[in-house]
Each structure stands twice: as C-alpha cells, then as structure tokens.
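The values are calculated or read from the model by the stated rules, or taken from the named source; none is laboratory data. All values reported here derive from a predicted model rather than from experimental measurement. Glycine also receives a Cβ, built like all others from the backbone with ideal geometry; neighbour counts cover every protein chain displayed.
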C-alpha cells in the first residue's frame with residue numbers, strides 16, 4: 001500500500017495547500033486516497049477529506065498511544081489505494097528535548113517516507129545545508145524527496161534544483177511558483193473551514209491544476225510505493241454493524257458548527273445513537289431528539305444569523321430547562337451563553353448560561369490540555385473522580401466574569417478552560433466546556449454520553 005508523509009521545516013510553508021492539491025490530483029487519476037492529519041485539528045481534515053471525497057482521520061500522540069495510532073492507520077488505510085499523511089508545524093518541531101511526539105517520530109512509527117515542502121522565498125544556495133542538516137539530524141528518518149514551494153520563477157527554480165541535486169541525494173519532485181490565487185483564506189484559528197467556503201471545490205481545483213502542472217506525480221507515487229507494508233489489522237479488518245439506534249441525538253452541523261471527529265461520530269452510532277443533524281443558523285426549531293451535541297466551530301462568524309434565529313435559540317433554551325441532556329464544546333459553549341461581544345458587535349445567544357462571551361485578538365486557550373474529572377461530572381457511567389483526561393482547546397473567546405456559583409466537571413491541570421482552573425460547566429443536564437474530547441486512548445466519552453442520554457430519555 002503506497003503512502004507518504006507531507007512535512008516541512010516550519011509551519012506556513014504551504015504543506016496543507018499542496019497536500020490538498022496532491023489528494024485531489026491523485027483522486028482525479030482514479031485512486032482511492034485516504035488522508036490523515038497529525039495532531040488535533042478539524043479544519044485541515046475538512047479540506048483534505050473534501051479534496052478526495054472521503055474522510056480524513058487524525059493521528060495524535062497526546063490522546064492516542066502508539067499502538068492505537070498504528071492500528072487506526074492500518075484499519076483506515078486498508079480500503080484505500082494511497083495514503084497521505086499531512087504533518088503539523090515543522091518536521092522536528094516540539095518542546096520535548098528528545099523529539100518525542102514530533103512529525104518525525106510519527107513518520108518513523110508508521111514507516112512513512114517523508115516528502116519535505118520547502119518555502120523557498122528568498123532562498124538560494126542555503127537550501128543545501130538546510131536539507132543536509134535535516135537529513136543528518138536523524139539518519140533513521142527517511143526523507144525521500146523535496147517540493148520547492150513559492151519559487152520566484154524558472155531561473156530561481158533551476159538554481160534551487162541544481163543546489164539540491166549537487167549537495168544532497170534528495171529527489172526534487174516539484175517546483176511550485178508563488179501564486180496567491182491558490183492560497184486558501186485564513187482566519188484566527190487557521191484556514192477557513194471548507195464547510196464555510198462556498199467556492200471550496202473551485203479552490204481545490206485551482207490547487208490541483210497547479211500541482212498537476214508543477215509536481216512530478218509519477219515521482220511522488222514512486223516515493224510512496226517505497227513505503228513498507230502497513231501493519232496488519234489485528235481483527236482482520238472485520239467491521240461490526242452498529243446496533244439499531246435507541247436514542248436520537250441532535251448534532252449541530254452548518255457553517256457555524258462543524259468541528260467533529262469522524263471516528264467520534266461513528267463511536268456515538270456504535271453506542272446506539274442516531275445522529276440527527278440540525279442547523280442553529282437556518283432551522284426554526286429542534287428536531288425530535290433525546291439529547292443534543294453542539295460542537296465547535298465559528299459561531300462568532302455567524303453571530304448575526306444566530307441572533308436573528310430567535311426561535312432556535314428559544315428551542316435550545318427550553319430543551320435545557322426541561323432537563324434535556326446536552327453536550328457542548330467550545331463554540332457550543334459560546335452559543336449557550338447570554339451574549340457574544342466581538343469588537344463593536346454584540347449578538348444575543350441562547351441564554352442558558354448566565355454569562356457573556358467576548359472575542360479577543362489573541363488566543364485565550366490553544367493547544368494540548370489535561371483535565372481531571374471531578375465528582376460533579378454528570379455522566380455517571382464509569383464515573384471515576386480523579387481520572388485525568390488528555391484533550392485540546394482552540395479558542396479566541398473567553399467567558400466574561402464566570403458565575404461564582406457554577407459547578408464544574410473538570411479541574412484544569414494544563415490549559416485555560418473557563419477560568420484557568422476549571423472547565424466543563426455543569427447546569428441541569430448540560431455539560432459545556434472549552435475542551436474538545438476525542439474518543440481514543442480508552443476515554444470512552446461517546447458511550448458515556450449515549451448512556452447518559454438513554455438514562456434520561
């Protein structure tokens with residue numbers, strides 16, 4: 001099974017854009033491409049999945065032990081023709097002195113050859129010591145090729161290629177010119193999600209054409225073909241059918257809310273839930289459901305529409321007031337507050353939580369988080385106060401003057417949460433947190449939530 005790892009010396013080198021283009025071009029050639037993304041991320045996987053008409057899966061050392069990473073990778077890859085893993089940050093970047101949990105370590109764990117994307121703006125002969133240093137830094141890592149990105153023209157590309165070929169044994173498989181037309185628009189947490197971008201398919205097609213013209217796809221496929229056989233799936237790949245659903249969980253999905261891990265949604269279904277999508281932006285009322293899951297997203301970018309949809313705001317508030325079980329993450333927490341303030345703009349939200357939310361220019365919480373479950377955690381199945389939970393948070397918003405009487409499901413050991421010390425506001429049968437959970441590493445949150453919904457039905 002051919003697969004490769006797309007990385008770069010540092011972030012913002014263009015690896016996401018090129019990964020999207022590679023995925024679409026390989027798909028156009030008739031291959032079933034399976035994308036993966038390192039680390040906790042919702043936005044890049046949405047683009048990668050859309051590029052190849054499938055689902056992108058996250059591989060994350062913080063929440064998954066190495067054995068589970070290998071198992072998930074092998075299981076998901078078995079139905080594909082080509083595996084494409086996009087890294088995060090730089091190839092060797094990380095805070096651990098020994099390089100634990102870096103892109104390089106993930107590539108070695110999977111046996112993936114690395115294709116390095118180099119932002120060559122302002123670079124000439126200096127590319128050679130850069131690449132030689134990256135090769136020498138960890139000889140056990142196979143860096144198999146280079147894509148020269150943001151080259152200034154044919155002469156610049158030719159000189160860079162000459163330096164790379166003279167001083168290294170790396171294959172130059174592409175030289176992509178600087179072209180602002182293929183850049184995907186960004187906002188405060190990265191790229192604008194593809195579920196919000198009305199012309200996302202047209203943009204992906206632009207990137208594909210650039211990749212097809214300037215990248216040697218046969219060379220890329222040859223590098224991927226040199227990958228070792230993916231590890232065998234222990235159960236032979238057998239997939240059990242989910243049980244007949246006995247609870248209905250409404251899931252907020254539109255251009256304001258869309259941050260969900262696909263394997264978590266599958267786990268909710270495997271636990272007996274029927275997932276019923278609804279739109280807080282466009283729908284006038286909630287569907288008939290037993291519980292609600294309001295995930296993350298960018299409600300601040302649809303604050304006017306959410307404000308104007310008073311009937312939906314009232315329906316959500318009534319559902320919580322009636323004791324309906326609700327789980328909300330980040331953007332979902334924001335939507336349940338009384339108001340959102342962003343600069344000079346203000347919007348009314350559901351008013352379930354007695355607090356207001358303010359947007360800030362700089363992140364108020366971003367990165368890996370560790371929580372400790374308190375005795376107030378509302379999902380009683382497998383309740384173990386004191387259990388530590390690895391998760392993550394990404395938000396520029398903050399709660400304005402948290403209610404001193406709030407009860408919290410978590411103590412924050414690392415991260416920001418609601419007030420720097422707590423996260424997971426518990427109100428009636430609502431759990432609302434800034435932290436994003438992922439049902440890997442034995443966490444089992446999806447089953448616990450479904451059982452909580454079932455117990456209250």
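A few points about this structure:
- For the range 41-53, the condition holds for no residue, the condition being that it is crowded, with 19+ Cβ neighbours inside 10 Å, over 27 Å from residue 203 (Cα atoms) and touching a residue at least 40 places away in the same chain (Cβ under 8 Å).
- Selection from the range 422-457 of residues that are out of contact with any helix residue (DSSP H, G or I) (no Cβ under 8 Å at 6 or more places or on another chain), at pLDDT 95 or above and over 19 Å from residue 383 (Cβ atoms): 436
- Check on residue 169, at pLDDT 90 or above and assigned to a loop (DSSP other than H, G, I, E, B): yes
- Cβ-Cβ contacts under 6 Å between residues 6 or more apart (or on different chains), taken from a first residue in the range 59-82 that is in the same structural domain as residue 103 (by TED's automatic domain parsing) to a second residue that is in a helix (DSSP H, G or I), are listed as 59/69; 66/109; 73/110; 82/26.
- Odd one out for residue 411 among (1) out of contact with any strand residue (DSSP E or B) (no Cβ under 6 Å at 6 or more places or on another chain); (2) surrounded by fewer than 22 Cβ atoms within 10 Å (Cβ to Cβ): (1)
- Unmet requirement for residue 135, which otherwise passes all of (1) in the same structural domain as residue 90 (by TED's automatic domain parsing); (2) modelled with pLDDT under 95: (2)
- Of all residues in the range 90-98, at least one satisfies being surrounded by 19 or more Cβ atoms within 10 Å (Cβ to Cβ), under 19 Å from residue 13 (Cβ atoms), under 19 Å from the mean Cα position of the chain (by Cα) and assigned by TED's automatic domain parsing to the domain that holds residue 167.
- Just one residue in the set 442, 424 is within 27 Å of residue 247 (Cβ to Cβ) and without any contact (Cβ under 8 Å) to a residue 12 or more places away in the chain; that residue is 442.
- When residue 419 is tested against (1) in contact with a helix residue (DSSP H, G or I) (Cβ under 7 Å, 6 or more places away or on another chain); (2) part of a loop (DSSP other than H, G, I, E, B), exactly one condition is not met: (1).
- Hits in the range 289-309 (condition: touching a strand residue (DSSP E or B) at 6+ places or on another chain (Cβ under 7 Å) and assigned to a loop (DSSP other than H, G, I, E, B)): 289, 290, 295
- Scanning the range 421-435 for residues that are under 17 Å from residue 390 (Cα atoms) and either outside the structural domain of residue 365 (by TED's automatic domain parsing) or surrounded by fewer than 22 Cβ atoms within 10 Å (Cβ to Cβ) (or both) yields 421, 422.
- Of 22, 18, 31, all but one fail to be in the same structural domain as residue 80 (by TED's automatic domain parsing) and surrounded by fewer than 23 Cβ atoms within 10 Å (Cβ to Cβ); the exception is 31.
- Of the listed requirements (1) crowded, with 22+ Cβ neighbours inside 10 Å; (2) closer than 27 Å to residue 177 by Cα, residue 106 misses just one: (2).
- Cross-chain or 6+ apart pairs with Cβ under 6 Å, the range 271-288 first and closer than 21 Å to residue 256 by Cα and outside the structural domain of residue 256 (by TED's automatic domain parsing), then surrounded by fewer than 20 Cβ atoms within 10 Å (Cβ to Cβ) and modelled with pLDDT of 95 or more: none
- Evaluated against (1) in contact with a strand residue (DSSP E or B) (Cβ under 6 Å, 6 or more places away or on another chain); (2) within 18 Å of residue 40 (Cα to Cα), residue 446 falls short on exactly one condition, (1).
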